[in-house]
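Heads up, the thing below is written out as structure tokens.
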Amino acid sequence: MDLSNRKKMYLWAYAFISAPILGFLLFAFIPICFSVYVSFTKYSGYQAPEMTGADNYVRLLAEDPLFWKTLRNTVYSALAIPFGMALSLAIAVSLNQKIKAIRFFRTAFFLPTISSVVAMTLLWKWIFNAEYGLLNNFLGWFGIVGPAWLSSEDWAMPAMIIQGVWGGLGFSMVMYLAALQGVPRSLYEAAEIDGANLWQRFLRITIPSISPTTLYLLITSIIGVMQDFPRFQIMTEGGPNYSTTTIVYYLFQNAFRYMEMGYASAMAWMLGLLLMVITLINFRLSRRWVHYE
């Protein structure tokens, strides 16, 4: 290949990759760099940024108790992760068997994943309604007076956790189902010959074999919970009394309701740092329980 043809190939290659690179620079890299600068300023979005040094970070960590409350709320909402993963694994194991209408059940469990988040959230808002909601009506059949799910400080976050577990079942179930189908059948046959019962085969073969998938779901679920926003905005708007205000929703309020873009940017970077630390810890600990063989 002569030099002119090689240059033409390079030019075509650069032309094809220019669009995603330009999109990344304009809509990701430049805004990220700008947010770093803004986090050290007082900025409303309408006026020029006013440099304030580390005041936003000092206020965030030492002077804003609501930030710590929203962080606790976010950690509380993360209780949906272990429940959701355990339930997804149980469903995946069940749907990995040879049963009738298996495709229907797999589709039914996966359907919420591809449905509109807004539509599903509005549906659950009706289910949790204290007066005419489906859940309290169902409890009433057994003589149980249901709580005011979304208007009670004690029950609002458990309601969000229940809805979060349901909403994440489909994706986790499909991931676990794919992992289960990749476990060699010969391992189960050898363990059965050695006298291992069903529970022992599950603990000694299934769990270690699907551990990379478990790690992936754990990390992505933590990131998803820390960034969870539309469900809380639609169902509770952070109430009552900030009991369901997560850190991302609080960030949104500061940025677009109170127009404190600098403070919101500082909060975003603290959230990013927290996610990075949690992810690194998970990768570090995964050496003890994740098996890639």
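The values are calculated or read from the model by the stated rules, or taken from the named source; none is laboratory data. Values in this document were obtained by computation on a predicted structure and should not be read as measured data. With ideal geometry, Cβ positions are generated from the backbone for all residues, glycine too; neighbour counts draw on all protein chains shown.
Looking at this structure, is Thr245 farther than 15 Å from Gly272 by Cβ, of a type in the set (S, T, N, Q) and more than 9 Å from the chain's Cα centre (by Cα)? In short, yes. Pairs linking a residue in region 237-257 that is free of Cβ contacts under 8 Å to residues at least 24 places away in the same chain to a residue that is in a helix (DSSP H, G or I) and not aliphatic (A, V, I, L, M), with Cβ atoms under 6 Å and 6 or more positions apart or on different chains, are Gly238/Tyr249; Asn254/Tyr263. Considering region 258-272, and only residues there that are part of a loop (DSSP other than H, G, I, E, B) and in contact (Cβ under 8 Å) with a residue 60 or more places away in the chain, the residue that is surrounded by the most Cβ atoms within 10 Å (Cβ to Cβ) turns out to be Glu260. Does Gln97 satisfy the criteria of being out of contact with any Pro (no Cβ under 8 Å at 6 or more places or on another chain), polar (S, T, N, Q), assigned by TED's automatic domain parsing to the domain that holds Ala178 and free of Cβ contacts under 8 Å to residues at least 40 places away in the same chain? When the stated conditions are applied, Gln97 passes them. Looking only at residues of region 26-50 that are of a type in the set (S, T, N, Q) and surrounded by 13 or more Cβ atoms within 10 Å (Cβ to Cβ), we find that the one that is nearest to Arg257 (Cα to Cα) is Ser44. The residues of region 111-125 that are surrounded by 12 or more Cβ atoms within 10 Å (Cβ to Cβ) and modelled with pLDDT of 90 or more, listed by number, are Val118, Met120, Thr121, Leu122, Leu123, Trp124, Lys125. Here the helices (runs of 4 or more DSSP H) wholly within region 140-219 that include at least 1 residues being within 29 Å of Leu275 (Cα to Cα), in contact (Cβ under 8 Å) with a residue 12 or more places away in the chain and not aromatic (Phe, Trp, Tyr) are 156-181. Of the residues Ser116, Ser151, the single one that is over 23 Å from Arg72 (Cα atoms), among the hydroxyl-bearing types (Ser, Thr, Tyr) and in the same structural domain as Arg231 (by TED's automatic domain parsing) is Ser116. Note on region 194-228: residues that are among the small types (Gly, Ala, Ser) and either over 14 Å from Ser286 (Cα atoms) or in contact with a strand residue (DSSP E or B) (Cβ under 9 Å, 6 or more places away or on another chain) (or both) amount to 4. What about Asn73, is it within 24 Å of Thr244 (Cα to Cα) and not assigned by TED's automatic domain parsing to the domain that holds Gly164? No, not satisfied.
Looking only at residues in region 213-256 that are more than 16 Å from Gly164 (Cβ to Cβ) and small (Gly, Ala, Ser), which one is surrounded by the fewest Cβ atoms within 10 Å (Cβ to Cβ)?
Filtering region 213-256 down to residues more than 16 Å from Gly164 (Cβ to Cβ) leaves 213-216, 219, 237, 239-242, 250-256.
Still in the running and small (Gly, Ala, Ser): 239, 255.
Values: Gly239: 15, Ala255: 18.
Of everything passing the filter in region 213-256, Gly239 is surrounded by the fewest Cβ atoms within 10 Å (Cβ to Cβ).
Given Gly23, Gly53, which one is surrounded by 10 or more Cβ atoms within 10 Å (Cβ to Cβ), farther than 25 Å from Met226 by Cα, of a type outside the set (A, V, I, L, M, F, W, C) and not assigned by TED's automatic domain parsing to the domain that holds Leu218?
Working: Gly53 fails: surrounded by 10 or more Cβ atoms within 10 Å (Cβ to Cβ).
The conditions single out Gly23.
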